[in-house]
Every structure is written in structure tokens, then in C-alpha cells.
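Scroll down for the structure; my scribbles are underneath it.
The values are calculated or read from the model by the stated rules, or taken from the named source; none is laboratory data. In this text the structure is predicted, and so the values were computed from the model without any measurement. Note: ideal-geometry Cβ built from the backbone for every residue, glycine included; neighbour counts use all protein chains shown.
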Amino acid sequence: MMNLKKILINLLMIAFTFSSIAEEKALKDQNTELSVFTGMFDFSDDGKRSTLIGFQHQNENLNRDTFLGNLSPVTGFLLTADNAGYFYTGVQAQYKLGALNLTPSFTPGMYYEGDGKDLGHLIEFKSELQISLNLSKTSELGLSYNHISNASLGDKNPGANSYMFNFFKSF
């Protein structure tokens, strides 16, 4: 648990360092958004809750305006303190409300149980809702909630509910 906190602190320090270095370049050519996040995996299960850290990538060159809003592909992963992991790729929509951004997403992926919660199947689906605040033209700070479930592909489908604090940086 202590190592996870040290890793997270180092990752945040790296993110802020890159933030200041890339600010000028990002203003000219913003086509990649990286996110680092931390929070609580399966906070609603007293026996299997665990801290988590993760990263997510979005290539803004692939954004498309549709009748559902601005859609773009996202790819990422999360790791828990119990050595569980989830690698995902999917789609998100983004709705800008002034300085606030509302971002729902749906991302199928592969889950590895490690010493964490058995979610019932290798294939899992993550539905997420995130709200973020623009800190600058290239940075956002947000809060998100997600639910991971296998949609009854496995013999059991306990699901996991998680919350995260997110930092986004465009490059």
C-alpha cells in the first residue's frame, strides 16, 4: 500500500513537470490528451475495496462530431493495490458546459483478478461518468465514477463500483 502511494506521488510529480514543459507546445498542437487518475476500486464492497491508479490516452485527431456529441476513442489501464488490473479501449463523448466538461464513456476490456476481486470473467465492460473543470487551455481536474461488469458473460457477475480523481493534460 505504501509503495502504491509513493508511485502515485512520483507519477503526479512527473505529470506536473511535463505539464509546465509542454504548455507552449500544447497550445499550438493539441492532439493528445493523457490522464492520470487515482481512487478507490469497488468502494461498495467492504471486503474487496482497494486503492487504484491508472492512465488513459485520447487522440483528439480522431474526434468526430455526431448527433450524440463529440465522440473519440480512449485507451487506458488501471491497477489496484491488490494486483488486479483492467486494460480497456472504447469510446467517450464530451459535452462542454463553459469551464465544466461532462464525459460519459463505454470501454470494453480485459480484467486480471490478481489478489483482488473475482469479477467472474476475463471480458468486462466499464461504464463511466466523469466531470472535470478546465484549469487552463491544456489542463483539467476531474472526478469520475464507473461500474465494471461482465454483462453476465460469466457464471457470476458481481460488478465493481469505483471513484477516481483525474488530472488531464493535452499535448
Worksheet entry | Top-ranked residue of segment 48-77 - restricted to ones that are of a type in the set (A, V, I, L, M, F, W, C) and in a strand (DSSP E or B), ranked as nearest to Ser139 (Cα to Cα) | Phe55
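Per-residue answers, yes or no, for (1) among the hydrophobic types (A, V, I, L, M, F, W, C); (2) touching a strand residue (DSSP E or B) at 6+ places or on another chain (Cβ under 7 Å); (3) modelled with pLDDT of 90 or more; (4) farther than 17 Å from Lys169 by Cβ:
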site: Asn3; (1), (2), (3), (4): no, no, no, yes
site: Ser19; (1), (2), (3), (4): no, yes, no, no
site: Lys25; (1), (2), (3), (4): no, no, no, no
site: Thr32; (1), (2), (3), (4): no, yes, no, no
site: Thr51; (1), (2), (3), (4): no, yes, yes, yes
site: Gly54; (1), (2), (3), (4): no, yes, yes, no
site: Gly69; (1), (2), (3), (4): no, yes, no, yes
site: Gly90; (1), (2), (3), (4): no, yes, yes, yes
site: Ala99; (1), (2), (3), (4): yes, yes, yes, no
Item to complete: Tell me, yes or no, whether segment 108-124 has at least one residue that is in a strand (DSSP E or B) and either within 21 Å of Lys169 (Cβ to Cβ) or among the basic types (Lys, Arg) (or both).
Response: no
Practice prompt. Just give me the residues in segment 134-162 being hydroxyl-bearing (Ser, Thr, Tyr) and surrounded by 14 or more Cβ atoms within 10 Å (Cβ to Cβ), in sequence order.
Written response: Thr138, Ser139, Ser144, Tyr145, Ser149, Ser162
Practice prompt. Output the number of residues of segment 63-98 satisfying the condition of being aliphatic (A, V, I, L, M), surrounded by fewer than 18 Cβ atoms within 10 Å (Cβ to Cβ) and under 17 Å from Ser144 (Cβ atoms).
Written response: 3
Worksheet item: Name the pairs whose Cβ atoms lie under 8 Å apart, with the first residue in segment 145-171 and over 24 Å from Leu122 (Cβ atoms) and in contact (Cβ under 8 Å) with a residue 40 or more places away in the chain, the second crowded, with 17+ Cβ neighbours inside 10 Å and β-branched (Val, Ile, Thr), and 6 or more positions between them or separate chains?
Response: Phe165/Thr38; Asn166/Val36; Phe167/Val36; Lys169/Thr138; Ser170/Thr138; Phe171/Thr138
Fill in: Residues located in segment 117-138, provided they are modelled with pLDDT under 95 and small (Gly, Ala, Ser)
Ser136
Item to complete: Of the conditions (1) modelled with pLDDT of 95 or more; (2) surrounded by 14 or more Cβ atoms within 10 Å (Cβ to Cβ), Gln58 clears all except one; give me its number.
Response: (1)
Discussion item. I'd like to verify a number: residues in segment 102-119 that are farther than 17 Å from Tyr163 by Cβ and either surrounded by fewer than 20 Cβ atoms within 10 Å (Cβ to Cβ) or under 11 Å from the mean Cα position of the chain (by Cα) (or both), how many?
Written reply: 8
